[in-house]
Amino acid sequence: KNAITGTHNIHGLLDILQSQIRAPSRDAKPSPDRFHFAVDHCFPIKGQGTVLTGTCLSGSARPNEMVEFPTLATQKKIKGLQMFRRKANVIQQGDRAGICVSNFDAKLMERGIIASPGTVKLIRGAIAVVRKVRFFKGGLNSGAKFHVSVGHTTVMATVTFWGAREIAAQVEKKEKEEEKNSAFNTTKGKDKSGSQPLGKSSLGGSADLAGLPRLKFDWNQDFLHQDNYLETLPTNDGHNEWNDGTLTRNGSENMEGGKQASLSANKLPPLHWAKLEFLTPVYCPMDSLVIGSRLDTEVNANACRLAFSGRLVERYDAKTDNGKIKTYTKKEKVGTVCRLGDPFRRSDDNKVVRYEVFGTDLFKKETNMSQFVGLVMETDRGE
């Protein structure tokens, strides 16, 4: 009866909503130098000019400031701003607004992006940190073509995946540093909000909400070669674990009795670096959220067509950057230790050591030994 004639525990519902819904992450200091505005409608008003309605994704804008139409290679001065039919002196991230410009043909744009001059470049490729959508059934193969969406643009791109192990270690190191800094700020009584990075929102949505960390790509780092996207990461004991992008410190949570436990549905696939080579160049800023899809999948197949999400980190041009990414393949030779050398007592600590090891079945008679000089040898016990 209460459910029909009145409300039931409305305050409990409000408490749950307030505890679960978090406030949007905004720029601490909106800057006109990082202004990005997603246009969803464009129309002329006689005697006024052309009005572009949409949402401010980052930065801020004021009347008389210049904005650029990247796809049209033209710039216009903001004549006026409106929010909810009222004039505004400034718009900033998250605001729905109308921007009025003069001497602009509304037929040239229906949807798109306007931004601070020079901030949105035409790029032919990019390096992104990506994560597979766990509902996507198929594998992610390097060299395959995906439909990549960024902002209002969807183009075909050839994607190469690598660096799962290295990025896991990088994320773990970053988390430790953030925990240390957080503890330091708490001890000193500092406000952590002041240390948040600028430019929270990106073209096409927020990569922060997609759970994609802000990482820097190191061109000088060496990466272990990968053929395709790794669904799991190997641990020190040789098992594979499904994790949230970092190597699990204690494998006992997922492994029991030496056997792999069932994969938990709430765990996320590991992060990877991905090289995106667009078949058609696109206009987009770095730090943008990108979505990789297989839109050629049968519509009635009842399968998820979204393959991965990512955050653009670096520009990549196949003409100038090809070969700059350093990868290596791990190779090893296995033999048997047959005996140890003569014992020797060290004078500094009086310990008995052996400096020689004799092995068999490691090299052939015709092997050139010079290429192995200085390399590290390891026993099956990890010593």
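The values are calculated or read from the model by the stated rules, or taken from the named source; none is laboratory data. Not measured: the values here are computed from a predicted model. No Cβ is skipped: glycine too gets one built from the backbone with ideal geometry, and neighbour counts run over all protein chains shown. Ligands, DNA and RNA are excluded from the accessible area calculation, which covers all protein heavy atoms including side chains. Shrake-Rupley method; radii C 1.70, N 1.55, O 1.52, S 1.80 Å.
Key figures
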{"read-out": "Selected residue (only one of LYS145, LYS137, LYS216 is open to solvent by 60 Å² or more (accessible area, probe 1.4 Å), within 29 Å of PRO30 (Cα to Cα), at pLDDT 85 or above and not in a helix (DSSP H, G or I))", "value": "LYS216"}
{"read-out": "Selection from region 328-339 of residues that are β-branched (Val, Ile, Thr) and open to solvent by 80 Å² or more (accessible area, probe 1.4 Å)", "value": "THR329, VAL334, VAL337"}
{"read-out": "Residue that is farthest from VAL150 (Cα to Cα) [pool: residues in region 73-115 that are within 29 Å of the chain's Cα centre (by Cα) and not small (Gly, Ala, Ser)]", "value": "ILE91"}
{"read-out": "Residue that is surrounded by the fewest Cβ atoms within 10 Å (Cβ to Cβ), among those in region 28-50 that are at pLDDT below 90, in contact with a strand residue (DSSP E or B) (Cβ under 9 Å, 6 or more places away or on another chain) and among the small types (Gly, Ala, Ser)", "value": "SER31"}
{"read-out": "Among (1) without any contact (Cβ under 8 Å) to a residue 40 or more places away in the chain; (2) open to solvent by 20 Å² or more (accessible area, probe 1.4 Å) - the single one GLU110 does not satisfy", "value": "(1)"}
{"read-out": "Filter pass, PHE372 being in contact with a strand residue (DSSP E or B) (Cβ under 8 Å, 6 or more places away or on another chain) and either open to solvent by less than 90 Å² (accessible area, probe 1.4 Å) or of a type in the set (Val, Ile, Thr) (or both)", "value": "no"}
{"read-out": "Qualifying residue in region 94-105 (condition: closer than 22 Å to ARG214 by Cβ and either open to solvent by 40 Å² or more (accessible area, probe 1.4 Å) or in contact (Cβ under 8 Å) with a residue 12 or more places away in the chain (or both))", "value": "yes"}
{"read-out": "Residue within region 331-338 that is in a loop (DSSP other than H, G, I, E, B), in contact (Cβ under 8 Å) with a residue 40 or more places away in the chain and within 38 Å of the chain's Cα centre (by Cα) present", "value": "no"}
{"read-out": "Candidate set: region 298-310, residues that are at pLDDT 80 or above and polar (S, T, N, Q); chosen: the one farthest from the chain's Cα centre (by Cα)", "value": "ASN302"}
